[in-house]
Amino acid sequence: MNERDRASAADAGTRGHGDTGTGASRGPGSNAGLPASAAGVTWLLRCVECALEYPGLDLRYRCDCGGTLDVVHPLDALRGRLSTALFDGRLSAAGSRAPLDRSGVWRFRELVLPLAPEHVVTRLEGSTRLYDSPRLASWLGLDGVLLKHEGENPTGSFKDRGMTVGVSVARRLGMSRVACASTGNTSASMASYAAVARMEALVFIPEGKIAYGKLAQSLAYGALTVQIPGDFDAAMRLVERVCARRGIYLLNSVNPFRIEGQKAIAFELLQDLDWQVPDWIVLPGGNLGNSSAIYKGVAELHALGLIPRLPRMAVVQAEGASPLYEAWSTASDLVPFAHAETIATAIRIGNPVSWRKSLRGVLATSGVVEVVTDQEIVDAKARVDRAGIGAEPASCASLAGIRKLVAAGVIRADERVCAILTGNLLKDPDVVVGYHRGTLDGLTSTHANPPIQAWLEPGGEIRWE
Ligand code: F0G
């Protein structure tokens, strides 16, 4: 099937659920003035559980069976038409200054989502730095380590990569309201992109359980911010219901288009490495959208012949919120944690939506899932911060995980390891200051650098100790 056929098949709903039409005419957003045509829609949606297919712009986040959905691109049609030189040309100094080329997501647009430029809502996300830190490498027991700092995105986390695509699809669908549940970064990102797109943003957050920097962003960007008395998992259940009932577009990573944007982390990382495949990509896991996305990205590059092999993936969870670790280490389906707990509030999630997609990536790459304690997370964070790079607690689970995996002999010292730092140091100042003051409950501040008091001597001399 060529691209045009696929588009019209999607239009006519001739694959999978043939009676569903474009989805633009029904579903929770059917009152939202959706475009009648699905022209240019080259992709389709496929259920991860039962493989049932739906038209590319069907307004749904799950299959009828309840499974999550993948965006499936016409890779056969793209093979041979895409090259690393095309993407490199857009990046090079002599390349275009057009926003779609400058964005570290839309630079890869043929593989992300071929939307018309007028639908794209971008803050020139991505183009984050890749740091080489010999200091951290020696602490980790590695010859070298590379850190892709996604905290350098416009709102300070990797979520911007998924959000630019999610909000652009919302615009494409004619939606005027968007919503998410969040541990803080998704909501900060969605609030920003919705404001840029002049959409209303509705955010559900677990009360008292998100870092201050993130709460501040949601308020500042003008999102209606609803604090709920439960945890993230409860907020997630709530937002799915609210969106379905009120015709609001859901922008959690259960939305398959979020994953399409986030997989550009993998594209850009490979581009940073001149398309040389690292041995490992290591990242923290919470709701498990990001690990799903990075796997999808490398798998597509591999399927297109743009990279010769797959890197191995390591997903690192906090001990008190590690249902994927349990599922992976017991080779069984995921059993949600009723009460997730960790100081890394970003990944305090007991019932991750994308666990099946994430596990698929771990297994397909001969990867691993690792678990780390809060003490290991805060100590790794102190090291990352002290190395002059800095990141929020959840991000540093990656480093704590690498250290354990090196010590266990799973990662060899001479392997090329890339860790994803998912969020900015400034997101969670309470943990930073609490750590250095030694006031974090139940945790030891092994590398504390507390502020000290100064005073004025009678002679006017200032002293401190
Ligand atoms: N790191 C940070 C800084 C995060 O904010 C998140 C997730 C993760 C890691 C885990 O990524 O969920 O794709 O496995 N934050 C979400 C939020 C849940 O609402 O901001 P994941």
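The values are calculated or read from the model by the stated rules, or taken from the named source; none is laboratory data. Nothing here was measured: the structure is a model prediction, and the numbers come from that model. Please note: Cβ atoms are built from the backbone with ideal geometry, for glycine as well, and neighbour counts cover all protein chains shown.
Filtering region 421-438 for residues that are closer than 20 Å to Ile210 by Cα, touching a strand residue (DSSP E or B) at 6+ places or on another chain (Cβ under 8 Å), away from the ligand (no atom under 14 Å from the Cβ) and in contact (Cβ under 8 Å) with a residue 40 or more places away in the chain leaves an empty set. Taking the conditions (1) surrounded by 18 or more Cβ atoms within 10 Å (Cβ to Cβ); (2) under 20 Å from Ser157 (Cβ atoms); (3) not acidic (Asp, Glu) in turn, Cys243 satisfies each one other than (2).
Any idea which residue in region 189-200 is surrounded by the fewest Cβ atoms within 10 Å (Cβ to Cβ), counting only those that are touching a residue at least 60 places away in the same chain (Cβ under 8 Å) and among the small types (Gly, Ala, Ser)?
So the first thing to find is which residues in region 189-200 are touching a residue at least 60 places away in the same chain (Cβ under 8 Å), and the list is 190, 192-193, 196-197.
Add one more test, that the residue is among the small types (Gly, Ala, Ser), and what stays is 192, 197.
On the way: Ser192: 25, Ala197: 19.
This residue is Ala197.
Among the residues of region 137-158, those that are farther than 19 Å from Asp379 by Cα, in contact with a Ser or Thr (Cβ under 8 Å, 6 or more places away or on another chain) and part of a loop (DSSP other than H, G, I, E, B) comprise Asn153, Pro154, Thr155, Phe158. Scoring Leu238 on the criteria (1) among the hydrophobic types (A, V, I, L, M, F, W, C); (2) in contact with a helix residue (DSSP H, G or I) (Cβ under 6 Å, 6 or more places away or on another chain); (3) away from the ligand (no atom under 12 Å from the Cβ); (4) closer than 20 Å to Ala346 by Cβ leaves a single failure, condition (2). Residues considered: Leu130, Leu142, Leu111. Of these, the only one that is in contact with a Phe, Trp or Tyr (Cβ under 9 Å, 6 or more places away or on another chain), away from the ligand (no atom under 16 Å from the Cβ) and closer than 30 Å to Ile411 by Cβ is Leu111. Filter region 225-237 down to the residues that are over 23 Å from Val48 (Cα atoms) and out of contact with any Pro (no Cβ under 7 Å at 6 or more places or on another chain), then identify the one that is surrounded by the most Cβ atoms within 10 Å (Cβ to Cβ). So, considering only residues that are over 23 Å from Val48 (Cα atoms) and out of contact with any Pro (no Cβ under 7 Å at 6 or more places or on another chain), the one surrounded by the most Cβ atoms within 10 Å (Cβ to Cβ) is Thr225. Selection of first residues in region 344-369 that are over 30 Å from Leu440 (Cβ atoms) and of second residues that are in a helix (DSSP H, G or I) and away from the ligand (no atom under 12 Å from the Cβ), restricted to Cβ pairs under 8 Å at least 6 apart or on distinct chains, gives the following pairs, ordered by first then second residue: Lys357/Lys296; Leu359/Ala327; Leu359/Trp328; Gly361/Lys296; Gly361/Ala299; Val362/Trp328; Ala364/Ala299; Thr365/Val298. Evaluate the following for Ala93: is it modelled with pLDDT of 95 or more and surrounded by fewer than 21 Cβ atoms within 10 Å (Cβ to Cβ)? Taking the combined requirement at face value, the residue does not satisfy it. Inspection of region 67-84 identifies no residue that is surrounded by fewer than 18 Cβ atoms within 10 Å (Cβ to Cβ), modelled with pLDDT of 95 or more, out of contact with any Phe, Trp or Tyr (no Cβ under 6 Å at 6 or more places or on another chain) and on the phi > 0 side of the Ramachandran plot.
Screening Gly184, Gly162, Gly174 for residues that are surrounded by fewer than 24 Cβ atoms within 10 Å (Cβ to Cβ) and of a type in the set (Gly, Ala, Ser) leaves exactly one candidate, Gly174. Quick check, is Leu269 crowded, with 20+ Cβ neighbours inside 10 Å, at pLDDT 95 or above and closer than 25 Å to Arg46 by Cα? So Leu269 does not fit the description; no.
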